[in-house]
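Okay, structure first, notes after.
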Amino acid sequence: MDLFPELITSKLPQTGTSVFAVMTQLANEHNAINLSQGFPDFPVSDELINLVYENMKAGNNQYAPMPGLPSLRKAIAEKTEFLYTASYDPETEITLTAGATQAIFTAITAFVRENDEVIVFEPAYDSYIPAIKLAGGVPICSALKLPDYHIDWGEVKKLISQRTKMIIINSPHNPTGTILSAADLMQLDKITRNTGILVISDEVYEHIIFDGYEHQSVCRFPRLASRSLVMCSFGKTFHATGWKMGYCMAPENLMKEFRKTHQFVVFTVNTPVQHAIAQYIKDKNNYLNLGSFYQEKRDYFLKLISGSRFKVIPASGTYFQVLDYSKISEEPEMDFAVRLTKEFGVASVPNSYFYNKPQNHQTLRFCFAKSNETLEKAAEILCRI
C-alpha cells in the first residue's frame, strides 16, 4: 500500500523495466528460443571454474583490496601492454569493478555534475543515459548514420559546447556490431584536444572482433588515453556474464576520483573470481582465440539464415547480429519483436529500444553467443517467416 505517494518523485520517470528482462520473460512464457539477452548458453571453461573452486576452498573468500587484487591488476597491465603497447600502473591506474556497467555508472557519477552535457551515440547501450540523468547531467544524442552506423564527426563537433563534460564511445558496438577505426579515434582526439572533455570508452567486446580487423582501443592513442576511462569486461570475454567482473583503466588523476566513488558503490568485488582470473589470463590463448571462436558462430548463423527474408546488417564485432525485416513486415520494431516471440518462438531485441526517442528502422538484434544447436533451431524458424 502506497501510504505517501505524494512524497515520491521519480528521478527516471520515463524509464521502465529493461527490454532485456522484458524479452527474456516473454521468451520464457512462450517457450521461445532466447536470442535477445546477451549471454552465452554454453559452459564456462572447466579450467576457470576449477580455479574459482580451488580459490574458494583455499579460503580466498573475504574482501579483496578496494581497487582489486594486486596480482590481477598486474596481469591486466601486462595484458594491456601486450595488446596495445600502452602502460598503466596497476597500483594507481586500474580498478576491478562489478562488471562494466558498474564501472560506467561510477565514472559518470564521479565526474558529471548538474547540467553537464554528455554526448552519446545512438543506438546506445541502455545504461548510459539513465546514469547521466541520475548524475544530473544532460544527454546529448548523436545518431549513428545509416546504413553502416558510422559517426558523423562534423555533427559531433557542432554538438560540443562549453557545458560538454564527456563523450561516451563504444567499440565494438552494442547493438550494431560495428567498430571504430583508427581514423575515428584520431577524429575524436582532434575534437577533444585543448578541452576539458573526458571520454568513457566502453570496450567490453574488445576481444570479439572479426574479419582480420584489429581492435582500436583508446589505449593506443596516448593523448586520447590521457583523458579517457576505459571499461572492459571479463564476463563477456570468458562467457561468464553472471559473475559481473570488469575493470576500469585510467590515468592516475582520473582514477583517483573514480575510486572515491567506487568505494561507496561496491567497495570491492568477488575475491575468488579475481584470484582465478589472475591465474587464467596468464595464458594469452584464453582471450586471443575469442575473435575466431565467435566469427565461426557469426558465419554459421548467417549461413543458416541465408535463405530467409531477413537482410543482414554487417557485424564486425560483438556477439550480436542486426537483421532488417523490412521485406517481411511494416510493423514497428517492438510489435514485430513481440510477435516473433509469441507466434514464431524466437526472441530478439528491437534496435529502437537503444534510442532516447522512438525510432523505427525495422531492425532487430539477435545474440549468436549460443550453441550450434540453438542457432540451428532459431534459424529454421527465421527461414520459415
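The values are calculated or read from the model by the stated rules, or taken from the named source; none is laboratory data. Treat the numbers as computed from the prediction; the structure is a model and nothing was measured. Heads up, the Cβs are rebuilt from the backbone with ideal geometry, glycines too, and the neighbour counts pull from every protein chain shown.
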Qualifying position, being touching a Cys at 6+ places or on another chain (Cβ under 8 Å) and small (Gly, Ala, Ser), among Ala278, Ala250, Ala225: Ala225
Residue match in region 147-155 (condition: in contact (Cβ under 8 Å) with a residue 40 or more places away in the chain, among the aliphatic types (A, V, I, L, M) and assigned by TED's automatic domain parsing to the domain that holds Val118): no
Helices (runs of 4 or more DSSP H) contained in region 1-97 and holding at least 3 residues in contact with a strand residue (DSSP E or B) (Cβ under 8 Å, 6 or more places away or on another chain): 19-29, 70-84
Residue in region 2-11 that is touching a residue at least 40 places away in the same chain (Cβ under 8 Å) and either surrounded by fewer than 19 Cβ atoms within 10 Å (Cβ to Cβ) or not aromatic (Phe, Trp, Tyr) (or both) present: yes
Among residues of region 98-140, those that are under 21 Å from Arg227 (Cβ atoms) and not in a loop (DSSP other than H, G, I, E, B), counted: 21
Lys256, sole failed condition from (1) within 17 Å of Leu198 (Cα to Cα); (2) surrounded by 15 or more Cβ atoms within 10 Å (Cβ to Cβ); (3) of a type in the set (Lys, Arg): (2)
Residue tally, condition surrounded by fewer than 23 Cβ atoms within 10 Å (Cβ to Cβ) and either over 21 Å from the mean Cα position of the chain (by Cα) or not small (Gly, Ala, Ser) (or both), over region 342-353: 5
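Only one residue in Phe210, Phe234, Phe264, Phe238 is aromatic (Phe, Trp, Tyr) and farther than 18 Å from Thr101 by Cα. Which one?
Phe210
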Failed condition for Ile33, given (1) exposed (fewer than 15 other Cβ atoms within 10 Å of the Cβ); (2) assigned by TED's automatic domain parsing to the domain that holds Glu333; (3) not acidic (Asp, Glu): (1)
Whichever residue in region 126-144 is surrounded by fewer than 19 Cβ atoms within 10 Å (Cβ to Cβ) and among the hydroxyl-bearing types (Ser, Thr, Tyr) and, among such residues, is nearest to Thr15 (Cα to Cα): Ser127
All positions within region 187-216 that are among the hydrophobic types (A, V, I, L, M, F, W, C) and farther than 20 Å from Gly317 by Cα: Leu188, Ile191, Ile197, Leu198, Val199
Which listed residue is touching a strand residue (DSSP E or B) at 6+ places or on another chain (Cβ under 9 Å), polar (S, T, N, Q), assigned by TED's automatic domain parsing to the domain that holds Ser161 and over 27 Å from Gln162 (Cα atoms), from Gln274, Gln263: Gln274
Pairs, first closer than 12 Å to Gln274 by Cα in region 45-56, second assigned to a helix (DSSP H, G or I) and of a type in the set (Val, Ile, Thr), C-beta under 7 Å, six or more apart: Val52/Val273
Close pairs from region 57-68: first more than 17 Å from Gln279 (Cα to Cα), partner surrounded by 14 or more Cβ atoms within 10 Å (Cβ to Cβ), Cβ under 6 Å, at least 6 apart: Tyr63/Thr268; Met66/Gln263; Met66/Thr268; Pro67/Thr95
